[in-house]
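Asker: I'd like to ask you about the structure that follows.
Every read-out reported here was derived from the displayed coordinates using simple, explicitly stated rules and does not represent laboratory data. Because the structure is predicted, anything quoted here is derived from the model rather than measured. Cβ sites come from the backbone with ideal geometry, for glycine too, and all protein chains shown count toward neighbours.
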Amino acid sequence: MPEVRTRFAPSPTGFLHVGSARTALYNWAFARRHGGALLLRIEDTDRERSTPEAERALVEGLEWLGIDWDEGPLRQSEFSERHRAAVERMLAAGHAYRCACTPEQLEERRRATIAAGRKWTYDGRCRSLGLGADCGPHVVRLRLPETGELGWEDLVFGKSGQDASEIGDRIIQRSDGQPLYHLAVVVDDLEMGVTHVIRGADHHPNTPLQIALYRALGATPPAFAHVPLIVGAGGKKLSKRRDPVSVQHFRDEGYLAPALRNWLIRIGWSHGDQEIFSSDEICALFDLDAVNRSSAQADSDKLLWLNQHYLKELPAEKLADLLAPFLAAEAGREVPVTRELARLAALQRERGKTLAEMARLSRWFAVESVDFDHKAAAKHLTPAVAPALRALRDALAELESWSADAIEAAFASVLSNWRDMKMGKLAQPVRVAVTGGTVSPGIFETLEVLGASRSLARIERVLQRIDDVA
RNA sequence: GCUCCCAUCGUCUAGCGGCCUAGGACGGGGCCCUCUCAAGGCUCAAACACGGGUUCGAUUCCCGUUGGGAGCGCCA
């Protein structure tokens, strides 16, 4: 079996779309699984959209996801010479012909045909005119056989195809000499030696035409695998406005690359009951025959779950590195990566599902002084708890080592003097004092990471506040 | 409108004629744990779109219906 060569051929839109990302992932996984190569080709023939920034965004997104390629990025715009040469060859061989019908004439005939209740494909007016290059403004059309199956065995959809008569002679070169998409793709895939075209199912209906193109070029089509589309809620098309569609967006929200990768690979593909796939497992286990045929909705809750799973797997130091910028943005100030931050990250990772959420929950750690949640303060910062709080402050102040264990002992000693006070009655006021709210990791650990001086200062401040109110 | 494609819990899916009392996961409910919130453990509810065939036997095969999607450009 010849070497497997797959390709990912996005058009540069300024970001990496999750649907494209999954297609890239499938191509990558398939190539790796079979010891082949992945080629990256930028479809940049649409000049306005194709900026260097847009291309960089694409490359960045792929690299972040951990998708590496073996050749490229190649740019389609650099291959116009060979596109033109291919057209010349087809013209010479009679597989293509010049057509001088104007868009206006075409539109008129199309309308008339549809009005007559018949379906429109090009009516072949210029098909046998034998127009030469001197025929004035003209396009080039592919000459399809009158009939005949344009079929293939799709690696996902199985037997597929359409009869040539359904399609009509399509334009392959514009009147300005520029190649059309289908021609460019076929010529480039041929030129690059692509053996497996793995792409979105939206291309499924285009494939017969491309098969015809391969044949007209005297070539054997590659294997095709069309992967089902990712759709939004309710099975509707993913909408840029309603759904988060860019890989960058997920990255900025604090999703981990392994989580997004795992999420994407599992939409439309499965391997038994397995849910968690490392990069290596994806490369070892992915296969096209386990890809589904129906389109799938993206489930953001599952992504959240996966993200927390990977968050929990990360070493605390690494997690602190990742969390620091999110926390800095949350607190509006620099956040150095310290041992305490790593300790905090280890505590918060089972409380937040994204880095952004972890940062929100950890705000109290990074800010100078906390803002009190009004309801929490009203409920827990009352004169009734002041004596016990004062005793706790004294006990904490005398601690020789500031550790969770020592802090717990201080709490215990205070509680032993207030027999009718339960742990919760003391912990909550302290929690409000040091975090401003009622939600945090265990109170001993919270005080530990915050440090002795900041903890005591915040308790002191609360004591003052209770006195002021009283 | 025409052509093509798809159809299992709310969602992602397992199932490739009997193993199905339809399995797993996310999400949801309950219980346990507990200083809050989580995490964790246990547990419950939840699906073969419908109608015909084929077969001793259909979730699985065939045909319709319904519902969804994609494609029908001198866009990519």
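Asker: Stokes-Einstein diffusion coefficient for the range A:346-404 at 25 °C in a medium of 0.890 mPa s, Rh from the Kirkwood formula over Cα pairs: what value in µm²/s?
Answerer: In µm²/s, the coefficient rounds to 171.
Asker: What are the ³J(HN,Hα) couplings of the range A:12-17, residue after residue, when phi is run through the Karplus curve with 6.51, -1.76, 1.60 and θ = phi - 60°? Round to Hz, x for glycine and proline.
Answerer: Along the range A:12-17, the couplings run x, 10, x, 7, 9, 6 Hz.
Asker: Can you tell me which of A:228-235, A:419-426 comes out highest on packing, and rank the rest after it, using the mean Cβ neighbours within 10 Å?
Answerer: Sorting A:228-235, A:419-426 by mean packing, highest first, produces A:228-235, A:419-426.
Asker: Restricting attention to the range A:104-197, which trypsin sites (Lys or Arg not before Pro) occupy a DSSP loop and are surrounded by at most 15 other Cβ atoms within 10 Å?
Answerer: Here the trypsin sites (Lys or Arg not before Pro) that fit, given the DSSP loop and packing criteria, are A:118, A:119, A:125, A:127, A:174.
Asker: If the limit is 22 Å between Cα atoms, which of A:312/A:425; A:302/A:353; A:240/A:312; A:119/A:236; A:119/A:240; A:302/A:375 go over it?
Answerer: Pairs exceeding the cut-off: A:312/A:425; A:240/A:312; A:119/A:236; A:119/A:240; A:302/A:375.
Asker: Run down the aspartates and glutamates and flag those whose C-alpha is under 17 Å from the C-alpha of residue A:379, throwing out any fewer than 8 positions away in its chain.
Answerer: Correct list for residue A:379: A:371, A:467, A:468.
Asker: Further, regarding this structure: What is the Rg over Rh value, at two decimals, for the range A:129-177, using alpha-carbon atoms and the Kirkwood definition of Rh?
Answerer: 1.16
Asker: So, by mean Cβ neighbours within 10 angstrom, what's the order for A:328-339, A:145-156 with the highest one leading?
Answerer: A:145-156, A:328-339
Asker: For a protection proxy built on the mean count of beta-carbon atoms within 10 angstrom, sort A:431-442, A:276-287 highest first, please.
Answerer: Highest to lowest by the protection proxy: A:431-442, A:276-287.
Asker: Going out from 0 in 10 Å bins, what whole percent of all Cα-Cα distances in the range A:182-248 drops into each bin?
Answerer: P(r) for the range A:182-248, in whole percents per bin: 18, 41, 22, 17, 2.
Asker: Can you tell me what the convex hull of the Cα atoms of the range A:213-331 projects to on average, as an area in nm²?
Answerer: 11.1 nm²
Asker: Hey, what does the equivalent ellipsoid look like for the range A:334-470, semi-axes from the Cα gyration tensor as sqrt of 5 times each eigenvalue, largest first, whole Å?
Answerer: Computed over the range A:334-470, the values are 24, 17, 13 Å.
Asker: In whole percent, what relative contact order does chain A give with Cα contacts below 8 Å and a gap of six or more residues?
Answerer: For chain A, the relative contact order is 12 percent.
Asker: Can you give me the relative contact order of the range A:335-446 as a percent, contacts being Cα pairs under 8 Å and 6 or more apart?
Answerer: Here the relative contact order equals 33 percent.
Asker: Could I ask something else about it? Taking every eigenvalue of the Cα gyration tensor of chain A, multiplying by 5 and rooting it, what semi-axes result, largest first, whole Å?
Answerer: Semi-axes from the Cα gyration tensor: 66, 21, 19 Å.
Asker: If you don't mind, there's one more thing I want to ask. Can you give the FRET efficiency for residue A:417 and residue A:81, using 1/(1 + (r/R0)^6), R0 = 56 Å, r = Cβ-Cβ distance, to the nearest 0.05?
Answerer: So, using R0 = 56 Å, E works out to roughly 0.05.
Asker: Going by C-beta contacts inside 10 Å, put A:347, A:106 in order with the fewest on the left.
Answerer: Starting with the residue having the fewest Cβ neighbours, the order is A:106, A:347.
Asker: Scaled to the compact-protein estimate 2.2 N^0.38 Å, what is the alpha-carbon radius of gyration of the range A:154-199, rounded to two decimal places?
Answerer: Ratio of Rg to 2.2 N^0.38 Å for the range A:154-199: 1.43.
Asker: Amide H to amide H under 5 Å from residue A:75: which residues, 5+ apart in sequence or cross-chain, H placed 1.01 Å off N in plane?
Answerer: Answer set, sorted by chain and number: A:42.
Asker: Distance between the C-alpha centers of the range A:190-233 and the range A:306-371? Whole Å please.
Answerer: Computed from Cα coordinates, the inter-centre distance equals 45 Å.
Asker: Amide H neighbours of residue A:156 under 5 Å, at least 5 residues apart or on other chains, H built in the peptide plane: list them.
Answerer: Here the answer is A:226, since their amide H atoms fall under 5 Å of that of residue A:156.
Asker: For the pair residue A:163 and residue A:51, what calculated FRET efficiency results from E = 1/(1 + (r/R0)^6), where r is the Cβ-Cβ distance and R0 = 45 Å, to the nearest 0.05?
Answerer: After rounding, the FRET efficiency stands at 0.60.
Asker: Provide Rg and Dmax in Å for the range A:129-277, with only Cα atoms included in the calculation.
Answerer: 19.9, 64
Asker: Continuing with this model, one more query. Restricting to chain A, compute how many DSSP beta bridges are antiparallel as a %, nearest 5.
Answerer: If I count the DSSP bridges inside chain A, around 55 percent turn out antiparallel.
Asker: Could you calculate, for the range A:269-398, the ratio of the Cα radius of gyration to the Kirkwood radius, expressed as Rg to Rh?
Answerer: Reported Rg/Rh, Kirkwood definition of Rh: 1.16.
Asker: Give me the Debye-computed log₁₀ of I(q)/I(0) at q = 0.10 Å⁻¹ for the range A:1-118, equal point scatterers on Cα only, no solvent, two decimals.
Answerer: -0.51
Asker: Moving on to the next point. Just want the ordering: A:43, A:448, from fewest to most Cβ atoms lying within 10 Å of their own Cβ.
Answerer: Listed from fewest to most nearby Cβ atoms, that is A:43, A:448.
Asker: What residues have an amide H closer than 5 Å to that of residue A:297, excluding those fewer than 5 places away on the same chain, when H is modeled at 1.01 Å from N in the peptide plane?
Answerer: A:231
Asker: Based on alpha-carbon atoms only, what is the radius of gyration of the range A:1-44 relative to the globular estimate 2.2 N^0.38 Å?
Answerer: 1.21
Asker: List the cysteines in chain A whose Cβ has no other cysteine Cβ under 4.7 Å from it.
Answerer: Cysteines lacking a close Cβ partner in chain A: A:101, A:135, A:283.
Asker: Using the Kirkwood radius over C-alpha pairs as Rh, can you work out the diffusion coefficient of the range A:83-133 via Stokes-Einstein at 10 °C, viscosity 1.306 mPa s, in µm² per second?
Answerer: Here the translational diffusion coefficient equals 127 µm²/s.
Asker: Per 5 Å bin, what is the whole-percent P(r) computed from every C-alpha pair distance within the range A:97-216?
Answerer: Over the range A:97-216, the share of Cα pairs per 5 Å bin runs 2, 10, 18, 20, 21, 15, 8, 5, 1, 0 percent.
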